[in-house]
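A short worksheet on the structure shown next.
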Amino acid sequence: MNINATLIGQTIAFFIFVWFCMKYVWPPLMAALEERKAKIAEGLAAGERGQKEQELAEVRAKDVISGAHAEASDIINLANVRAGEMIEEAKGKAREEAAKVKKGAEAEIEQEVASAREVLREQVSALAIAAAEQIIKSEIDATKHKTLIDNVSSQLGSA
Amino acid sequence: MSGENLTSSEYIKHHLTNLTYGQHPDGSWGIAHGSEAAKEMGFWALNIDTLAISIILGSLFLYVFKKAATAPTTGVPSGLQNFVEMVVEFVDDSVKDSFNSRNPLIAPLSLTIFVWIVLMNTMDLVPVDYIPHLGQMVGIPYLKVVPTTDPNMTFAMAIGVFFLIVFYSIKVKGPGGFFAELAFHPFPKFLMPFNLFLELVSLISKPISLALRLFGNMYAGEMIFILIAMLPLGAQWALSVPWAIFHILIVILQAFIFMTLTIVYLSMAHEESH
């Protein structure tokens with residue numbers, strides 16, 4: 001409880017502590033705090049920026065999606081129209097083709113019929129000739145017809 | 001209780017005696033036994049306990065804060081760093097609130113004052129007998145563990161602040177300006193001696209009030225702890241626990257008051273007249 005030289009010692013210690021604190025403790029702490037403050041501010045700004053960007057992106061995405069919707073419905077409409085056209089076209093083509101095929105078939109049939117007729121005619125004529133041959137064979141008598149044949153051959157020879 | 005053979009007044013006296021080293025009246029140097037012997041040593045004696053504990057605590061403060069300051073700092077702060085930065089920000093805010101000029105000394109000064117006083121006051125919360133008893137075991141007869149209950153300690157800091165007040169007053173306003181501030185207010189110039197007397201009293205009352213406020217609070221607190229420690233064992237905790245809890249407030253409050261008044265006084269020293 002007495003005032004003594006401790007007073008001086010403590011005053012010196014006090015100033016040394018203050019000096020040390022001012023020189024080596026305070027500046028790095030403040031620097032760190034400032035740095036962190038700047039970093040946090042930066043982070044917050046970045047966050048805000050990100051949020052804004054996200055909002056923009058959302059708007060843009062909405063635009064893109066609605067555009068895509070419109071385009072898709074356009075495409076579907078167009079496709080429907082085109083499909084109708086194609087069906088019509090195919091139908092026409094098919095009809096044409098069918099007509100062509102039918103015509104060809106008819107022509108072929110006619111041809112077939114004609115050729116069949118020809119063949120028939122030939123066969124019939126051959127048959128007739130054969131029959132005639134048979135008849136002639138049985139009818140012909142060399143003696144009887146000698147004059148006739150001679151006649152013919154003489155005619156041929158004169159010609 | 002240390003020593004059942006002591007009477008209670010001896011016990012209290014023992015607890016309130018510093019470990020003083022100085023010259024005995026007979027010319028030999030040594031440790032004073034009892035406060036009367038310490039008084040006889042006159043001014044040139046040292047309270048070794050106050051010096052040692054306060055310097056240990058001050059070094060602890062600087063070590064911890066220096067460690068936090070040099071640790072990697074930019075990322076997410078760890079526990080210690082977080083705590084240190086919280087204290088630093090608190091002090092920095094207090095300085096910014098009440099100190100309007102620019103001076104790189106004020107904030108570190110306030111931090112040192114605040115943390116150092118908190119640490120020294122906190123020694124009060126260590127049960128009153130622990131450290132003195134340990135000291136007795138190793139042969140230290142007297143040990144007052146709370147440096148702020150030694151007026152030497154509080155007056156030393158207050159005088160340090162007083163030096164700074166005078167130094168900055170003269171530095172900012174010039175010797176003439178400082179003298180004018182002391183002599184020409186609050187009354188007109190022809191009442192100069194009276195002004196001077198008033199202003200000098202108010203100037204000197206600053207460190208004295210600083211020192212005595214802290215000393216008085218801590219001394220009274222310590223005294224009550226000692227008185228509680230003399231109660232029978234069963235009753236002690238019923239009183240010492242609430243008092244200790246209340247004392248946590250005082251520990252920090254007194255440090256804060258000392259710091260804030262230091263800032264305010266130095267702020268006044270920096271401002272041009274009234």
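The values are calculated or read from the model by the stated rules, or taken from the named source; none is laboratory data. The model shown is predicted, which means the values in this text are computed figures rather than measured ones. Neighbour counts are summed over all protein chains in view; Cβ atoms, including those assigned to glycine, are modelled from backbone coordinates with ideal geometry. Only protein heavy atoms, including side chains, enter the accessible area calculation; ligands, DNA and RNA are left aside. Shrake-Rupley method; radii C 1.70, N 1.55, O 1.52, S 1.80 Å.
Magnitude of the Cβ-charge dipole of chain B, K/R +1 and D/E -1, about the Cα centre, nearest 20 debye?
My answer is approximately 540 debye.
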**Study point:** Three-way shape call for segment B:55-184 based on the alpha-carbon gyration tensor, with the a/c threshold at 1.5
**Key:** oblate
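Which length gain, in nm to one decimal place, applies between A:A90 and A:E122 when the Cα-Cα distance is subtracted from 0.36 nm times their residue separation?
Full-extension gain reported as 6.9 nm.
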Point to revise | chain B: relative contact order in percent, alpha carbon pairs under 8 Å with at least 6 residues between | key: 24
Exercise for review: Rounded, prolate or oblate: pick one for the protein assembly as shown, where a ≥ b ≥ c are the square roots of the eigenvalues of its C-alpha gyration tensor, a/c under 1.5 means rounded, and failing that, prolate if a/b is larger than b/c, else oblate.
Suggested key: prolate
Practice item. Could you check which residue among B:P141, B:P188, B:P242 shows the biggest mean-square fluctuation in a GNM of chain B with a 10 Å Cα cutoff? Key: B:P188
Study note, to complete from the structure: Quick shape check on chain A: root eigenvalues a ≥ b ≥ c of the Cα gyration tensor, a/c under 1.5 is rounded, otherwise prolate if a/b tops b/c, else oblate, and it reads prolate
**Study point:** Paramagnetic reach from B:N100 (point 7 Å along Cα→Cβ, amide N under 17 Å) across segment B:164-190
**Key:** B:169, B:172-173
Check your understanding: At 222 nm, what helix-only mean residue ellipticity would chain A give, in deg cm²/dmol to the nearest 500, using -39500 (n - 2.57) for each DSSP H run of four or more?
Key -> -34500 deg cm²/dmol
**Study point:** Most to least accessible of A:M86, B:M123, A:M22, B:M259 (protein chains only, probe 1.4 Å)
**Key:** A:M86, A:M22, B:M123, B:M259
Study note, to complete from the structure: Per residue of B:17-24, other chain Cβ atoms within 10 Å number on average 2
**Study point:** Protein heavy-atom accessible area occluded, A/B pair - total, 1.4 Å probe, Å²
**Key:** 3800
Review point. Taking the Cα centre of the protein assembly as shown as the origin and placing charges on Cβ (Lys, Arg +1; Asp, Glu -1), which of B:A238, B:Y168, B:A37 is farthest toward the positive end of the dipole?
Key: B:A37
Practice item. Work out which residues of segment A:10-24 lose at minimum 10 square angstrom of accessible surface when the other protein chains are put back, relative to the chain isolated, with a 1.4 angstrom probe, and list them by number. Key: A:Q10, A:T11, A:A13, A:F14, A:F15, A:F17, A:V18, A:F20, A:C21, A:M22, A:Y24
Exercise for review: Run the accessible area of segment A:11-105 with a 1.4 Å probe and give the carbon-and-sulfur part as a rounded percent.
Suggested key: 64
Review point. Around A:A114, with a cut-off of 12 angstrom between Cβ atoms, what is the net charge of the other residues, counting Lys and Arg +1 and Asp and Glu -1?
Key: -2
Check your understanding: Hey, how many Å between the Cα centroid of segment B:129-204 and the Cα centroid of segment A:1-79?
Key -> 42
**Study point:** Residue range of chain B that is longest and free of GluC sites (Glu not before Pro) which are both DSSP loop and sparsely packed (at most 16 other C-beta within 10 Å)
**Key:** B:5-270
Review point. Averaged over peptide B:51-59, how many Cβ atoms belonging to another chain are found within 10 Å of each residue's Cβ?
Key: 3
Practice item. Roll a 1.4 Å probe over the protein chains and send me the accessible area per residue for the protein assembly as shown in Å². Key: 59
Revision key, fill the gap. Of the listed links A:K37/B:K206; A:K23/B:K206; A:K39/B:K96, those spanning more than 31 angstrom between alpha carbons are A:K37/B:K206
Review point. What full-extension length gain, to one decimal in nm, is calculated for A:I3 and A:A114 as 0.36 nm per residue of separation minus the Cα-Cα distance?
Key: 24.6 nm
Check your understanding: How big is the charge dipole of the protein assembly as shown about its Cα centre, in debye rounded to the nearest 20, if each Lys and Arg gets +1 on its Cβ and each Asp and Glu gets -1 on its Cβ?
Key -> 1120
Revision key, fill the gap. Expressed as a whole number, the average count of other chain Cβ atoms within 10 Å around the Cβ atoms of B:105-117 is 5
**Study point:** For segment B:86-117 and segment A:95-159, distance of Cα centres in Å
**Key:** 140
Point to revise | Solvent-accessible area, 1.4 Å probe, carbon plus sulfur percent, for chain B | key: 72
